[in-house]
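A short worksheet on the structure shown next.
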Amino acid sequence: MAKTARPQDPAPEGTDPQMSRMGPKLRATRKDRGLTLAQVAEHAAVTKGFLSLAERGLTSVSVPTLLRICEALGVSIGALFDYPDADVVRGGLGAPLQMGGVGIQEYLLTPASEKHVQVMRTILQPGGGSGGAYTLDSETVFVVVVRGRIQLSVDGQELLLEPGDCHTFSARSPHAWRNPAPGESEVLWSIAPPIPHHGLQLRGQLRAPAPPQD
């Protein structure tokens, strides 16, 4: 997974709607695993204070940083998604999706039962985007621009996509994206196969603190 700089200046406190669902799930997962803030923060290369804010939904988190936190917790980010409860999604809203990023609203349009493809709808405010490059535990990403523009970087190659433009690339290639337009942009992402929604095997770096000895 691509490396990003350690966050230094979290956003001022005030509930961040982009982490209002994901933050408490991160905290519950950490508690269930018996891990401390310090353990997870060190493994994810963030400060303990930043992680605390993220768990309370008080700061935005970039996509690569959120993926690192999930890796530190030993869980796929897909396991923390909310999924649509029906095959028919009205109005393109689906289930609110919080996968990190800044200045975006996202919706998951495919149910958890779908095993072959995962479709997400992303609305980006001017300057909004992933906040850095990342990879996914999948094979293929397809993106199509519905309106506005998106600046897409894949393996360091910069692409400007306009309405109707689309691009297919490997999910394992480091990629980042943002909205360079003065107005809102909207894109649809298709990921195949879907991001796993199960736990990951812990790699030995993180263990719950040992109980005190008598």
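At least 2 residues being open to solvent by 50 Å² or more (accessible area, probe 1.4 Å) is the threshold, and among the strands (runs of 3 or more DSSP E) wholly inside region 28-147 those reaching it are 102-108, 118-129, 140-147. Taking the criterion of being more than 19 Å from Val117 (Cβ to Cβ) and surrounded by 15 or more Cβ atoms within 10 Å (Cβ to Cβ), the residues of region 160-176 that qualify are Leu161, Asp165, Pro174, Ala176.
The values are calculated or read from the model by the stated rules, or taken from the named source; none is laboratory data. Note that this is a predicted model, so its numbers are computed, not measured. Please note: Cβ atoms are built from the backbone with ideal geometry, for glycine as well, and neighbour counts cover all protein chains shown. We work out accessible area using only protein heavy atoms, side chains counted, and drop any ligands, DNA or RNA first. Shrake-Rupley method; radii C 1.70, N 1.55, O 1.52, S 1.80 Å.
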